[in-house]
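*Asks:* First the structure, then my questions, so here it is.
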Amino acid sequence: MSWKITSTSLQPEQLAVEESLYALANGYLGVRGNFEEGYQKNLPTIRGTYINAYHDIVDISYGEKFIGYPETQQKIVNIMDAQTIELFITSGGIEEKFSLFEGEVLSYDRHLHLDKGYTERNIHWRSPNGKELRLTFERIVSFERKELFAIRVTITPVNFTGKVKIRSAVNGDVLNYVNENDPRVGNHREPLLFTVSTKSEDGLTYVLNRTKRSNLETACVTDYIFSTGERHDVVQEKQVLTVVTMDLTTTVTFEKRNVYVDTLRHGDHIVAVGKEIQQTIHELTFKQLLTEQQTYLNQFWKTADIKIYGDEEIQVGIRFNLYQLLQSAGRDPYSFIAAKGLSGEGYEGHYFWDTEIYMLPLFIMTKPEIARGLLLYRYSKLEQAKVRAKEMGHRKGALYPWRTISGTECSPYYPGGSAQYHISADIAYSFIQYYLATSDEEFLHEYAAEVLFETARLWIETGHFRDGKFRIDCVTGPDEYTALVNNNYYTNVMAKYNLMWAAKVYKDLANKNKAQFDQLVGRLQLLEREVMEWGHAAANMYLPYDERLDINPQDDTFLQKAIWDFEGTPREHYPLLLHYHPLTLYRYQVCKQADTVLAHFLLEDEQSFSTIKNSYNYYEKITTHDSSLSSCIFSIMAAKIGDSEKAYQYFRETVRMDLDNIQGNTKDGLHLANMGGAWLAIVFGFAGLRIKESGLYLSPILPKAWSGYECTLQYKGRLLHINITKQSLSIQNIGPTVDLFIYNKPYTISNNQTIEIEK
Ligand code: BGC
């Protein structure tokens, strides 16, 4: 039960939401859970197939354009639609088309199998003429064969015999979804790609598309495997139709295997590559593909699963989130994790800080090889970040774009975009966390060092000393309802960490690998004086503090503003960003999301417990959680300050956010940062994990509603299995002896040893 999500709803609004929930992906290819046979006319739907990082470029048009505004932006492209399979049954000379919106649906259920990695739709349908059919649609986007999206349809006549005609399409004539009233969704109406060619040859069909401006090509090569029947292909300008007719006297099956290849990953001869891939899988049965999928997932769940005792809804919720994260994470140098993964077009396929702060910890602690690959994506964009820093008036340093696909800034609205300089410190932070959790020194020296040095340079360029303190002016912190402020606590404290680590790694590299050090320092023309400045700025970083309230103000002027009129704000005015001009929001103490509270989570040793607690209480009252990146952080910090009830409430919202469509926009895609946040809320919240230079810390608490929970963490080459019950906490170590802190007390656990701590 807790290994699948299930639905029996055919409500139009819910179906659009389910297109995201039942989306299948593998980090490369993503397909929304649309119905193969289509819907009724006018039913809200976003039919979508995406390849991670496969994008087009469009101009950004401004009324008034200033220096440094990005001129173009990238957009993920909705590519060829291979989902369509229409069914027509003929009996007694009458042909009827299968549709869930005509005739009678005698039974209907739909599942996403989180342990097996496929979706399934079971239907018992009676046609308007009384012919009954049983249908099963199964779909898989293969983890092992990243190009493959396969569908199997099983058709059983219940009370008649006759024929079934299947009309399957691969359609190159596709558009992106547009919603002009929601800034979180694209508004570009022009097609982003066009069809270059279509053909049918040697049993395969081909549709080749090219993007308008980025000149990227993708091909969909399709193979069909079915019970005995007749097939003919109709090749049209923008699509290929394949029509198969089979006798329907008993159960028949029809398989459609689509291989998607693109010029980013597969070189110039994508058609040939697609054909080759098809040939290698032609002999494999659908069952074999499913078995491979399951084997892959067994490996994943072995380290990533979290077991929760006493709450089924939460159990399925967390597994669903972890599964979607696995589906979304890019596994090649071109791709990262988009805000919506590969489940929809919200935020146009862009990558944000969401990945570093909300998602990477899961991968670092359960699948470090995926985390490493993701960090390499950021490393590969360092040169562009350096160019961006120059465009923004800095002499040196790296300013990572607020939102991007291929590495350049895509945000046209600078107060809520480019001004979020903290992204550079967030990236630095994640490189450090990876190192602290893996001890991967080679990676630290080869890649992290350069990222840390260049981001550290940015802070020196951006900030300045006044009255002996290093200050950073005119930036926007994570809270997007407050913009362009001086000394945002979050930015300053993260920059401090960035600077301090840059100086530390500089020394470490100099000591341990002189040749590599010389080479890097020479290449970057890095001066000893700069490194001293890093240390000096870090040591003297100004961190706003209000003595009277014993809190960290979000920025220099935050506490001087009036508090937003929460009582006078009708419920339907949330999220505020859809109802109030940004300037209105900027004038008040109102937070879209965790900002200072997030800083207290990431760098807790910077402040006393009382400041952290008071800040939590202060900001909680003025935070709307209009961003899905918020409730998980409040959950973690509620756990930290000892309010386990609150922690649980926030956690419930987090873990079920998409399953229950709590933000109301799941149809545009899943909230991947929030999904990572659900994992954070368990592991960093309830289990109290912190990864510090001094070691690994755990301080588990057990939410009242549960009788226990278990998780597994990878830590410096060991597997730590943590089991928390009402009575005790046990930690098993598989791997070399490990030192860690439990409730702040040091413990040593040797290989294969389990320690038990009574509560
Ligand atoms: C949040 C940002 C986030 C973006 C993408 C916005 O609503 O405020 O923090 O990066 O969504 O998820």
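*Asks:* For the range 716-759, give me the residue count where each residue is over 34 Å from the mean Cα position of the chain (by Cα) and of a type in the set (Lys, Arg).
*Replies:* Going through the range 716-759 one residue at a time, the tally reaches 2.
*Asks:* Given the options 544, 570, 582, name the one that is away from the ligand (no atom under 16 Å from the Cβ), touching an Asp or Glu at 6+ places or on another chain (Cβ under 9 Å) and not basic (Lys, Arg).
*Replies:* On the way: 570 fails: touching an Asp or Glu at 6+ places or on another chain (Cβ under 9 Å); 582 fails: away from the ligand (no atom under 16 Å from the Cβ).
On inspection, the qualifying residue turns out to be 544.
*Asks:* Just to verify a result, which residue in the range 390-422, among those that are touching a residue at least 24 places away in the same chain (Cβ under 8 Å) and assigned to a helix (DSSP H, G or I), is nearest to the ligand (Cβ to nearest atom)?
*Replies:* 416
Residues checked against (1) within 21 Å of residue 420 (Cα to Cα); (2) in contact with a Gly (Cβ under 8 Å, 6 or more places away or on another chain); (3) at pLDDT 95 or above:
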position	(1), (2), (3)
575	yes, no, yes
588	yes, no, yes
591	yes, no, yes
601	yes, no, yes
614	no, no, yes
619	yes, no, yes
623	yes, no, yes
663	no, no, no
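*Asks:* Sticking with this structure for a sec: For the range 609-620, name all the residues that are in contact (Cβ under 8 Å) with a residue 40 or more places away in the chain and either of a type in the set (Val, Ile, Thr) or open to solvent by 10 Å² or more (accessible area, probe 1.4 Å) (or both). Spell out the reasoning first.
*Replies:* Quick first cut of the range 609-620, residues in contact (Cβ under 8 Å) with a residue 40 or more places away in the chain only: 610-611, 614-615, 618-619.
Across the range 609-620, the qualifying residues are 610, 611, 614, 618.
*Asks:* Condition first: buried (at least 21 other Cβ atoms within 10 Å of the Cβ) and in contact with a Leu (Cβ under 7 Å, 6 or more places away or on another chain). Can you find one or more residues in the range 158-167 that meet it?
*Replies:* Scanning the range 158-167, I find at least one residue that is buried (at least 21 other Cβ atoms within 10 Å of the Cβ) and in contact with a Leu (Cβ under 7 Å, 6 or more places away or on another chain), so the answer is yes.
*Asks:* Can I ask one more? Name the one entry in 207, 170 that is closer than 30 Å to residue 127 by Cβ and modelled with pLDDT of 95 or more.
*Replies:* Numbers: 207 fails: closer than 30 Å to residue 127 by Cβ.
Within the list 207, 170, the selection yields 170.
*Asks:* Here is a further query. Could you figure out which of (1) away from the ligand (no atom under 16 Å from the Cβ); (2) open to solvent by 30 Å² or more (accessible area, probe 1.4 Å) isn't true of residue 183?
*Replies:* Among (1) away from the ligand (no atom under 16 Å from the Cβ); (2) open to solvent by 30 Å² or more (accessible area, probe 1.4 Å), the lone unmet condition for residue 183 is (1).
*Asks:* How about the range 1-61: which strands (runs of 3 or more DSSP E) wholly inside it have at least 3 residues that are within 18 Å of residue 348 (Cβ to Cβ) and open to solvent by 10 Å² or more (accessible area, probe 1.4 Å)?
*Replies:* Filter on the range 1-61 gives 55-59.
*Asks:* Moving on. How many of the residues making up the range 75-90 are in contact with a helix residue (DSSP H, G or I) (Cβ under 9 Å, 6 or more places away or on another chain) and either part of a loop (DSSP other than H, G, I, E, B) or more than 12 Å from residue 52 (Cα to Cα) (or both)? Step through it out loud before you land on a result.
*Replies:* Quick first cut of the range 75-90, residues in contact with a helix residue (DSSP H, G or I) (Cβ under 9 Å, 6 or more places away or on another chain) only: 75-77.
Retained after the next criterion (residues that are either part of a loop (DSSP other than H, G, I, E, B) or more than 12 Å from residue 52 (Cα to Cα) (or both)): 77.
Result for the range 75-90: 1.
*Asks:* In the range 355-373, how many residues are within 16 Å of residue 52 (Cα to Cα) and within 16 Å of the ligand (Cβ to nearest atom)?
*Replies:* The total comes to 1.
*Asks:* Take the residues in the range 516-544 that are touching a helix residue (DSSP H, G or I) at 6+ places or on another chain (Cβ under 7 Å) and over 30 Å from residue 556 (Cα atoms), then tell me which one is most open to solvent (accessible area, probe 1.4 Å).
*Replies:* Once the filter is applied, the top-ranked residue is 516.
*Asks:* Any idea how many residues of the range 718-759 are part of a strand (DSSP E or B) and among the basic types (Lys, Arg)?
*Replies:* 2
The values are calculated or read from the model by the stated rules, or taken from the named source; none is laboratory data. All figures in this text were calculated on a predicted structure; none of them were measured in a lab. Backbone-built Cβ (ideal geometry, glycine too); neighbour counts: all protein chains shown. Please note that ligands, DNA and RNA were not included when accessible areas were found on the heavy atoms of the full protein model with its side chains. Shrake-Rupley method; radii C 1.70, N 1.55, O 1.52, S 1.80 Å.
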